[in-house]
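Below: the structure, in structure tokens.
FYI, it's all coordinate maths here, none of it is from the lab. Keep in mind the model is a prediction, meaning the values are calculated, not measured. A quick note on method: Cβ atoms are made from the backbone with ideal geometry, for glycine too, and the neighbour counts reach across all protein chains shown.
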Ligand code: ZN
């Protein structure tokens, strides 16, 4: 396993539509292991293959409920994910992206979704998600279509610098 380098905006790799995963061979298993390791090292709650410069429809998500620290985070690996149902109800939330370090934005997402795809061995799988988990899936699936969170909002801001730097942050 290895930690892979994360591609950052405005690299054009992030803007391409990713290809379907067709073969669930050893190469894809290695990629999945590397993506999990890279996500955990950052740390992040999700990662899409184009973010490590591989133009395939593959995502990893690992998220635990903050209100429930006793329940360990659940790991999802999904190839060829497709949102087959999304609620009309939406939620606003502040999200960031490993490919846009230092920035966050307020993004409106469906509150609940159903995602269909394949597991790491190519078997069909379906995930029902709501709240933050639904947000993460929507964010990662966007990456497979060349879409970044900054495309979905005009409320983007830079995270505050460390206090000991000379930078002055003005906000209102
Ligand atoms: Zn992202």
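Would you kindly state how much longer the chain becomes between residue 130 and residue 150 on full extension, computed as 0.36 nm times their sequence separation minus their alpha carbon distance, in nm to one decimal?
5.0 nm
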What ranking do 62, 42 get, fewest neighbouring Cβ atoms within 10 angstrom at the top? 42, 62
By how many degrees, between 0 and 90 and to the nearest 10, does the Cα long axis of helix 131-144 differ from the longest principal axis of the chain? 70
Give the order of 110, 99, 86 when sorted by the count of other beta carbons within 10 angstrom, beginning with the fewest. 86, 110, 99
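What is the extension gain from residue 11 to residue 160, computed as 0.36 nm multiplied by their sequence separation minus the C-alpha to C-alpha distance, in nm to one decimal? It would help to have the intermediate numbers written out before the result.
Numbers: separation 149, 0.36 × 149 = 53.64 nm, distance 2.40 nm.
My answer for the length gained is 51.2 nm.
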Between residue 116 and residue 41, what is the spin-label point distance in nm, taking each point 7 Å from the Cα along the Cα→C-beta axis? 3.6
Pairwise over distinct Cα atoms, reciprocal of the mean inverse distance: report the Kirkwood radius of the stretch 1-122 in Å, one decimal place. 15.6
Which shape class applies to the stretch 1-62: rounded if a/c is under 1.5, otherwise prolate when a/b exceeds b/c and oblate if not, where a ≥ b ≥ c are the square roots of the Cα gyration tensor eigenvalues? oblate
Using only the alpha-carbon atoms, how far is helix 26-41 inclined from the longest principal axis of the chain? Give it as 0 to 90 degrees, nearest 10. 20
Sort the stretch 87-166 into rounded, prolate or oblate with this rule: let a ≥ b ≥ c be the square roots of the eigenvalues of the Cα gyration tensor; rounded if a/c is under 1.5, and if a/c is not under 1.5, prolate when a/b is larger than b/c, oblate otherwise. prolate
Value of [θ]222 nm, deg cm²/dmol, for the chain, DSSP H segments ≥ 4, -39500 (n - 2.57) each, nearest 500: -5500 deg cm²/dmol
List 8, 38 from most exposed to least, where exposure is judged by having the fewest other Cβ atoms within 10 Å. 8, 38
